[in-house]
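Chemist: Handing you this structure, nothing more for now.
The values are calculated or read from the model by the stated rules, or taken from the named source; none is laboratory data. The structure presented is a predicted model; accordingly, all values stated were derived computationally and were not measured. When we count neighbours, we look across all protein chains shown, and the Cβ atoms used for this are built from the backbone with ideal geometry, even at glycine.
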Amino acid sequence: MKLGRLLYIHIFIEKGIPMPDSKLQSGADESLEAMRPSKKPLVVALAVIAALVLLATALGPSLRAAFAPEEGAHNDVDVHFIGMMVPHHEQAIEMSDVLLASDVDDPQVRDLAQRIKQGQERENEQMRAWAEEWGIEEDMELHSKHIANGMFQPEQLEEFASLSGDELRTAFLEMMHSHHAHVIDMTQDEVERGGYAPLREMAQEMIDVQVAEMGEMEDLLRQSSR
């Protein structure tokens, strides 16, 4: 018999109070017991939570892999980047050709123009190969029609090509510096949000190379102002 039940009987005997019917008391005890909150739902809930935590821990890498983009897959950012960058590079190559075919005899400027031409031709060749592999040539054309960042107008290029000597040297350095600055802005989005890892790596390399080339251009412009 429980201690509470013994105390209950003792109080009734001490006070001279008739004991209630045992059946009624039993029913009251059962009612009180029924009113007490059950611990079973809490135990079950904790068990379920623990099981889910263990399952998530065990399957975490698999779940992440299932919902992650396919390894090596390209996305819309990649398509947009190639569509914008190929014609942008073509213009830089054209400007470098003008400088290399001119009477500008500064060996540092000519070396810079040659490196820009070769590097961007190589990048364009690779980007076109990816575009062909992905079957996005038409998408590239669509994006290239809307390019504006850092691109010079035809009349500006005509005026540039008409220059010679020191004027052409200065114009090449100033215009190419502006051209590079816009490339860096365009390229940052690919580095951060592109889907195809090799293209993201190329984009980061573009930034690194062109930042260094901009430093060279600034040094060469300072030399001409002395």
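Chemist: Within the set of pairs 6 or more residues apart or between chains, which connect a residue that is in contact (Cβ under 8 Å) with a residue 40 or more places away in the chain inside the range 75-91 to a residue that is of a type in the set (G, A, S) and part of a helix (DSSP H, G or I) with Cβ atoms less than 6 Å apart?
Modeler: I82/A131; G83/S144; P87/S144
Chemist: Separate question: Take the range 81-107 and flag every residue that is in a helix (DSSP H, G or I) and either more than 24 Å from D189 (Cβ to Cβ) or in contact with a Phe, Trp or Tyr (Cβ under 8 Å, 6 or more places away or on another chain) (or both). Walk me through it before giving the result.
Modeler: Quick first cut of the range 81-107, residues in a helix (DSSP H, G or I) only: 81-100, 107.
Listed by number, the residues that qualify are I82, Q91, E94, M95, S96, D97, V98, L99, L100, P107.
Chemist: Just give me the residues in the range 85-140 being surrounded by 13 or more Cβ atoms within 10 Å (Cβ to Cβ) and of a type in the set (G, A, S), in sequence order.
Modeler: Across the range 85-140, the qualifying residues are A92, S96, S102, A113, G119, A131.
Chemist: Does any residue in the range 201-217 that is part of a helix (DSSP H, G or I) come within less than 6 Å, Cβ to Cβ, of a residue that is of a type in the set (S, T, N, Q) six or more places away or on a different chain, and which pairs are these?
Modeler: A203/T187; M206/T187; I207/T187
Chemist: Condition test on E190, is it farther than 25 Å from V109 by Cα, at pLDDT 95 or above and part of a helix (DSSP H, G or I)?
Modeler: Numbers: farther than 25 Å from V109 by Cα: yes; at pLDDT 95 or above: yes; part of a helix (DSSP H, G or I): yes.
When the stated conditions are applied, E190 passes them.
Okay, residues lined up against (1) within 18 Å of the chain's Cα centre (by Cα); (2) under 12 Å from M85 (Cβ atoms); (3) aliphatic (A, V, I, L, M):
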residue: M176; (1), (2), (3): no, no, yes
residue: E190; (1), (2), (3): yes, yes, no
residue: P198; (1), (2), (3): yes, no, no
residue: V211; (1), (2), (3): no, no, yes
residue: E216; (1), (2), (3): no, no, no
residue: S224; (1), (2), (3): no, no, no
